[in-house]
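The values are calculated or read from the model by the stated rules, or taken from the named source; none is laboratory data. Remember, predicted model here, so these are calculated numbers, not experimental data. Please note: Cβ atoms are built from the backbone with ideal geometry, for glycine as well, and neighbour counts cover all protein chains shown.
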Amino acid sequence: MDRLFIENGIKDLVVLAEDLHDNTKKMNVGARDMLMSAVSDMTKRSRAIRLITFGGDVSNLVNWLNASGSNSRVYTFKPDYDIRGSISQMDDNIVQKRKSAGGSFGGYFDFDWSKDVNASVLALDMSIISTQTMELLPGVTSRNSILVFKEGDAVGSALTGSISKQSFGLNLNFSFSANEGSAQAVRTLIELASIELFGKLTRVPYWSCLGIDPNHHLVKEEIGDWYYSLSQERKLIPYIQNQFRMRGVYSGPVDGSQNPEFQAVVPKARLALGLNEGNGIDEDLFSGLINLKTKNLGFPSEPVAHLTEVQYEEKKTTKAKKGKKSSAPVKSDEAKATKPLPQKVQISGKPVKPGADISLTVKSKENTFLYCYLNEPTHDSWLRIYPNRFAPDPWLDKNKSLQIPGDMKFEIKTGKKFEVEKVYCFNTIIDVTPNLPVSARGGDFEPLENYTLEKLRADFSTASAGAVAESSHQIMKQ
């Protein structure tokens, strides 16, 4: 799952995990702890999921944070999703089998053998709900059951006789039993449910983690359901745009508009997937992108930002007029001079009092992709504040100004008056998210591990092949 999250650009999912109760009252296991371990393992590198555990067992930590004031710089936000579920079924001895045999020889020797098999059914139901509306997300559920077997074998024998009219007897009994652990069965169900739930939530091919053939009829039905629901919710075009962008063949906005650049990519992608180029965005294209085992679609993307219809037509006309390229070699200095570089963005903000909320405005003279980090002086750490879970697309339109945080549901508090706090923004011509190291992406509002400004600069320069601009803004305090 970790690899799937990275390849599909999944990041900054904030999820609350509730207690997973045992409604059967027969299983005494730490179900929520098992869920925490499973989610942690599937997001080691991508950091795609931020799991919040809240319940009675964290009351001591909450009380300590409130009493010590250690949470004064914590970014206030609420999770988008909530996981809930329970051990919903435990049927004992639904299958019982017993085999036995015995014999006697002349009244002196007796033997018997028996074998018992019992099976119980254990079931787990889990689902994800939206914290905005408290409604169940359709299709984002997991219901699985498992058989727990108990087996036992027993062998016995008896020998009787007499010596010199003295009777004697000898009895031998052997038994062996093997029980499959019910607690381990619960862990297996929770790990399976975690893969299934987050795969359905993010719409990534989770069945590849379970060894299921993508041509299986249930997988095809799942993909068909995703295609239909995305179409009904008008999210199909943004989903395809994001898939194209993560594969490096599209550099426009993820906004659902069928702009000329996006329309030009669709037939090329269809041909790369072995489809005819004339059917547009159908279920075959959708299925092909989901089950594509590599991010490479087989054709390069042009390193230009999103073009308007007029710009796109002008570009095609200019390209047609050029004809054959000159055979004269181009000097390296000339190549560097003609390499397109983005313009720096403008960052502004009003002076604020220590402890107050920070508000920034970012503007650009051209369409660009923006990535902003806050330098927190207390620990000399770097935190990604844009893009984030509330605004996941780094696209910045030249005709619009970006407010941070604006309508995004988080707050950034300033530190003490003498602390120097700065915001650094990098902007590029193409979306460099797929090319950035996972360590540079990190989690939003989460300190990057062992990072410096120089390391950030180097990562963005490498990811953009040098086509990056940098802007900074010092937060002024009253």
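Would you check if Leu124 is modelled with pLDDT of 90 or more, assigned to a strand (DSSP E or B) and under 30 Å from Val95 (Cα atoms)?
Yes; evaluated as a whole, the condition is true for this residue.
Does Thr378 meet the test of being of a type outside the set (Asp, Glu), outside the structural domain of Tyr81 (by TED's automatic domain parsing) and not in a strand (DSSP E or B)?
It is true that Thr378 is of a type outside the set (Asp, Glu), outside the structural domain of Tyr81 (by TED's automatic domain parsing) and not in a strand (DSSP E or B).
Which residue pairs have Cβ atoms closer than 6 Å, lie 6 or more positions apart in sequence or on different chains, and pair a first residue in segment 11-32 that is β-branched (Val, Ile, Thr) with a second residue that is assigned to a loop (DSSP other than H, G, I, E, B)?
Val14/Pro79; Val14/Asp80; Val14/Arg389; Val15/Pro79
Considering only residues that are within 23 Å of Asp12 (Cα to Cα), of a type outside the set (D, E, K, R) and crowded, with 18+ Cβ neighbours inside 10 Å, which ones fall in segment 437-472?
Ala440, Gly442, Gly443, Phe445, Leu448, Tyr451, Leu456, Phe460, Ala463, Ser464
Only one of (1) touching a Leu at 6+ places or on another chain (Cβ under 9 Å); (2) in a loop (DSSP other than H, G, I, E, B); (3) in contact (Cβ under 8 Å) with a residue 40 or more places away in the chain fails for Gly256. Which number is that?
(3)
Would you point out which residue out of Ser471, Ser461 is more than 29 Å from the chain's Cα centre (by Cα), at pLDDT 90 or above and of a type outside the set (A, V, I, L, M, F, W, C)? Please lay out each step first, then the result.
Details: Ser461 fails: more than 29 Å from the chain's Cα centre (by Cα).
Answer to the check: Ser471.
Here are some conditions: (1) assigned to a strand (DSSP E or B); (2) at pLDDT 85 or above. Ile190 meets all but one. Which one does it not meet?
Just one mismatch for Ile190, condition (1).
For segment 66-80, indicate whether the set of residues that are closer than 24 Å to Met134 by Cα, more than 20 Å from the chain's Cα centre (by Cα), modelled with pLDDT of 80 or more and not aliphatic (A, V, I, L, M) is non-empty.
Checked against the condition, which is being closer than 24 Å to Met134 by Cα, more than 20 Å from the chain's Cα centre (by Cα), modelled with pLDDT of 80 or more and not aliphatic (A, V, I, L, M), segment 66-80 yields no hits at all.
Condition test on Gly256, is it of a type in the set (Gly, Ala, Ser), in the same structural domain as Ile129 (by TED's automatic domain parsing) and closer than 28 Å to Phe369 by Cα?
no
Under 7 Å between Cβ atoms, which residue pairs at least 6 apart in sequence (or on different chains) link something in segment 454-478 that is free of Cβ contacts under 8 Å to residues at least 12 places away in the same chain with a partner that is among the aliphatic types (A, V, I, L, M) and not in a loop (DSSP other than H, G, I, E, B)?
Taking only residues 6 or more apart or on different chains, the pairs are Ser461/Val468.
Does Phe418 qualify as being of a type in the set (A, V, I, L, M, F, W, C), buried (at least 20 other Cβ atoms within 10 Å of the Cβ), assigned by TED's automatic domain parsing to the domain that holds Leu360 and out of contact with any Pro (no Cβ under 6 Å at 6 or more places or on another chain)?
No, not satisfied.
Which one of the conditions (1) under 23 Å from Leu16 (Cβ atoms); (2) out of contact with any Pro (no Cβ under 7 Å at 6 or more places or on another chain) does Ala123 fail to meet, given that it meets all the rest?
(1)
Between residues in segment 197-219 that are touching a residue at least 12 places away in the same chain (Cβ under 8 Å) and under 15 Å from Leu289 (Cβ atoms) and residues that are buried (at least 21 other Cβ atoms within 10 Å of the Cβ) and among the polar types (S, T, N, Q), which pairs lie under 6 Å by C-beta distance while being six or more apart or on different chains?
Short answer, once both residue conditions are applied: Val204/Asn8.
Restricting to segment 206-245, give me the number of residues that are buried (at least 17 other Cβ atoms within 10 Å of the Cβ) and of a type in the set (Ser, Thr, Tyr).
4
Testing Val140 on (1) touching a helix residue (DSSP H, G or I) at 6+ places or on another chain (Cβ under 8 Å); (2) surrounded by fewer than 17 Cβ atoms within 10 Å (Cβ to Cβ); (3) not basic (Lys, Arg), one condition comes back false. Which one is that?
(2)
Restricting attention to segment 355-375, which residues are closer than 19 Å to Arg441 by Cβ and either aliphatic (A, V, I, L, M) or not in a strand (DSSP E or B) (or both)? So that I can check it myself, show each step before the final result.
First, the residues of segment 355-375 that are closer than 19 Å to Arg441 by Cβ: 368-375.
Hits for segment 355-375 are Leu370, Leu374.
Got a sec? Which of Ser194, Ser177 is polar (S, T, N, Q), in the same structural domain as Met126 (by TED's automatic domain parsing) and within 30 Å of Ser37 (Cα to Cα)?
Details: Ser177 fails: within 30 Å of Ser37 (Cα to Cα).
Ser194 is the lone residue from the list that is polar (S, T, N, Q), in the same structural domain as Met126 (by TED's automatic domain parsing) and within 30 Å of Ser37 (Cα to Cα).
Residues in segment 1-36 that are part of a strand (DSSP E or B) and closer than 27 Å to Val204 by Cβ: how many?
5
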